[in-house]
Amino acid sequence: MRDSYLVFGSPRLEEDDIKAVEETLKSGWIGTGPRVNEFEKAFAEYVGVKYAVAVSSCTAGLHLCVLAMGLEPGDEVIVPTMTFAATANAVIHAGAKPVFVDVDPYTMLIDPSDIKRKITPKTKAIIPVHFAGRPCNIDEINKIAAEHNLVIIHDNAHAIESEYHGAKLGNLKDISAYSFYVTKNLTTAEGGMVTTNDEEIAAKIKIYALHGLTKDAWKRFSDDGYKHYQIVYPGFKYNMTDIQASLGLSQFRKLEKFYERRSQLWNYYHNELKGLPLILPVEPEKNTRHGFHLFILMLDLNKTPLTRDQVINKLHSMKIGTGVHYIALHLHPYYQEALGYRNGDFPNAEYISERTFSIPFSAKLTDEDAKDVVSALKSIFE
C-alpha cells in the first residue's frame, strides 16, 4: 500500500515553471500580451506551421475552427463517438450537427470506412481525433475529404508531439486545435492553440477569440500608446493570458525530455503487464510518432470475472488513480435524446467503453510510482 495517493494525470511542474509564472506576475502584464505572442511563435515553429493562435482551451479552439472554416447551422460534421464531449459540443455550439462514426476496436481511432457510410449531401467537415496521441489514417481521410470537398479539423488535444509521415499533426490540412489542460503533455493549466497555414483563417481565429476586436487589439494598452479598435465580428472571450503562456513557454522547453520519460514508461508497462487479463495498447504504426499521452488498458473480459469498474475501484483502494477514456458519446443521455442515438449503434466503441481504463502515465511518475501501478494490477489479478 502506498503512503500517498497517486493522482491520475498529475502534471510535472518544476522550479523553473514556478519562476516563469512569478516573473510574469511581477511584470505587471498578466493578461493577453507579449508572452502569448512569444508562445504562439515558438509553437508555430515547433509544429512547422505558418500560424498559431493561442486560445483559452482546446474546446474554444475547436469551436473557433468550426466557425472560421465557414460551417453553418444545418451542416453535418463527422465526429468519432469515442472521444471527449468537447469534440461534438464544439460543433453543436456553432449550430452544426455532429454525426457520429465508429472506431477501430484496438487503435480506438476513427474508422474511415464508417466515415464513407455516414457522408450525406449535408456533410461539410470531418474531425479526426488523434486519440491518446496516436495519429489517425490521414492519407485515407484526406482522400475521402478530397472526393467530397470536405474540410478537415484535427482534434490534437492528445497529440502535441505526434507526427504522421514526418509531419507534425498541426501542419496538416486544414486546421488543428491543441489542448494544454492540466493533464496534457504540456500544460498551461487551462489553454489551447489553433494552427493553420492559411493566413486569412488564422486572422479570423485571432479576431473571433477576443470579442471580434481587430487584430492585435491586445496592444491597445501597451507602452506604444493607446490604440482604438473596431468590432468586426460578434466574437468570444477565448483568449489566453500571459500567466498561462509563461507556464507554457517554460514547459515547452522540456517537451522532448518529458516525452522521453513517457516513452520509457510506455515500454516498462508493456513489458511488465504482459500475461495479465488486459489488452495492452497496440504498437505505434510505421512512419508515425505516437504522442504517448495516455496508456490505455482494456480489460479482457474473457479471462477475468472482474468488471472494469471493479478493477478501478480496487486500484483506488490501493491509492492508485485511474481515468476512463471514454464512455462513447452516443451512450450519454444528451446525445441520445438530442441526436437520436441508442445503445448498439457503434459496436466497436461500445466494446471499448465497457473495458477501457487508463493508468497513471505522466512524466511526473517516478520509477517507484510505476512499480506501484504494476504491483497493484498484478495483485488484483493474481
Picking from THR196, THR183, the residue that is in contact with a helix residue (DSSP H, G or I) (Cβ under 7 Å, 6 or more places away or on another chain) and either surrounded by fewer than 21 Cβ atoms within 10 Å (Cβ to Cβ) or within 19 Å of GLU40 (Cβ to Cβ) (or both) would be THR196
Total residues in segment 237-285, condition within 29 Å of SER353 (Cα to Cα), in contact (Cβ under 8 Å) with a residue 24 or more places away in the chain, of a type in the set (A, V, I, L, M) and surrounded by 15 or more Cβ atoms within 10 Å (Cβ to Cβ)
5
Go through segment 146-179 and count every residue that is of a type in the set (D, E, K, R), touching a residue at least 60 places away in the same chain (Cβ under 8 Å) and either in contact with a Pro (Cβ under 8 Å, 6 or more places away or on another chain) or in a loop (DSSP other than H, G, I, E, B) (or both).
4
Test: residue in segment 102-111 that is within 24 Å of GLU337 (Cα to Cα) and out of contact with any strand residue (DSSP E or B) (no Cβ under 6 Å at 6 or more places or on another chain):
yes
Within the group LYS50, LYS19, LYS26, which residue is at pLDDT 95 or above, under 30 Å from HIS148 (Cα atoms) and basic (Lys, Arg)?
LYS50
Those residues of segment 239-297 that are outside the structural domain of GLU38 (by TED's automatic domain parsing) and β-branched (Val, Ile, Thr) come to a total of 4
Among the residues in segment 344-366, are any within 27 Å of SER263 (Cα to Cα), surrounded by fewer than 18 Cβ atoms within 10 Å (Cβ to Cβ) and free of Cβ contacts under 8 Å to residues at least 24 places away in the same chain?
yes
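The values are calculated or read from the model by the stated rules, or taken from the named source; none is laboratory data. None of the values given here were measured: they were computed from a predicted structure. Counting neighbours? That spans all protein chains shown, and the Cβs are built from the backbone with ideal geometry, glycine included.
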